[in-house]
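I have placed the structure first, in the form of C-alpha cells, so that the comments after it can refer back to it.
Read-outs throughout are calculated quantities, based only on the coordinates presented, and are distinct from any laboratory measurement. These numbers come from a predicted model, not from an experiment. Reconstructed Cβ throughout: ideal geometry from the backbone, glycine too, with neighbour counts over all protein chains shown.
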Amino acid sequence: MAEFLYLIAQLKTGKLDVKLEDPKPAEIASQLQNFSHLLSSSVYYYSPVDYEKIRASAAKAPISRPQDLAAMLKSFTPTKILETVKPFITLQLLQPTDESQVKKWKKKTRALEQIAISAYLHALFVQVFPQNFKQSGSPSKAEVRLAANMPAWKAVKKVDCAKTENKEIFASLCAIYHAVHAKLPAFAQMPQMAGSASERKSYSALVTLLSSLNFPSDAFQAEWLAFATFNAAGFPPVPSAELVGELYPELKVPKPRGNFGKKKK
C-alpha cells in the first residue's frame, strides 16, 4: 500500500482537506504544523469553558516573546489562575448527595479546573506563538480526520463534528493535537533540544524550565520546545486526552489504529 497522510478538518475556525501521497518529510512537517495550528485554534470552542472571556482576560497582560512566558508565569500560581478563570467555566458539576459518588465528583472537579487553567495558559501561549494556518480544500463532511500510513507512523483518528457532542469533539481534538505534536520533530528533522524534560510535574517546575531555556531562532522549533516544556511539567496549553477523560469518564476516545489490512499479531 502506498504511503499517505490525510489531514481533514471542518471546524469553527477553519477547514482543511489535505491528501498527500508518498510525501517527503519536509512536506509532512509543514502540513502537520499547519494542521496543529488549526486544531489549537478550535479546540476550546468545544470545551467546558468560555474561551473568549478567558482570552480577553489574558490579553490584559500582553506578551510577545518566549522569554515573556516565564516572566509572566512567575507572577501567577495555579490557584491565582483558577480564581481568574473560574467564572468562565460553563459546566456545572453539582456535588452529589450520595457519599459513594463524592470521590468521583472531586476527581472530575479537579480535571475541570485544570482544563480551565490550561485554557488560560493557551491564551498566553498563542500571544507569543500565533496559531496561524492556511485553509485549503473543501471537506465533504463536518469531521476531523488524521490518517497516516508510513513506516514511521501508522495511525487513524477521527471524529464526526456533525453528529457528536461537544465533549467528544473536545476530547478527540486534544488527542489528535498531542499525537501530531509528538510526531513533528522526526518529520521536521529538528535538532535535539535539551530542556523540555521534567522529573516532576508541577507549576514551579514549569517556571524553572521555561526560565532556563535557550529558545532557538526558528519560530516553529521555539514553539514546539515551549509546548513540550509545558507538557512535560504537566500544564499543556492543550489538555491531554487523559485529563479530558477524567472529566468525561464515559467517553472512550479512539486510540490510533494502523492495521491497514495487515494481520494483527
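As an exercise, use a Förster radius of 45 Å and the Cβ-Cβ distance of Ala186 and Asp98 to find the FRET efficiency, rounded to the nearest 0.05. Spell out each step's value before the answer.
Working: r = 48 Å, r/R0 = 1.07.
Between Ala186 and Asp98 the formula returns 0.40.
Can you give the local net charge around Glu27? Use residues other than it whose beta-carbon is closer than 15 angstrom to its beta-carbon, Lys and Arg +1, Asp and Glu -1.
Numbers: positive: Lys19, Lys24, Lys134, Lys183; negative: Glu3, Glu21, Asp22.
With Lys, Arg at +1 and Asp, Glu at -1, the neighbours total +1.
Let me have the relative contact order for the chain, percent, based on Cα pairs under 8 Å that are six or more residues apart. Working shown, then result.
Numbers: 384 pairs, mean separation 73.5, N = 265.
Relative contact order here is 28 percent.
In percent, how large is the relative contact order of the range 87-224, given Cα pairs closer than 8 Å and 6 or more residues apart?
Details: 58 pairs, mean separation 16.7, N = 138.
Averaging sequence separation for qualifying contacts and normalising by length gives 12 percent for the range 87-224.
Arrange the peptides 72-81, 25-34, 87-96 so that the one whose residues have, on average, the most other Cβ atoms within 10 Å appears first.
Working: 72-81: 15.3, 25-34: 17.8, 87-96: 12.5.
Most protected by this proxy first, the peptides run 25-34, 72-81, 87-96.
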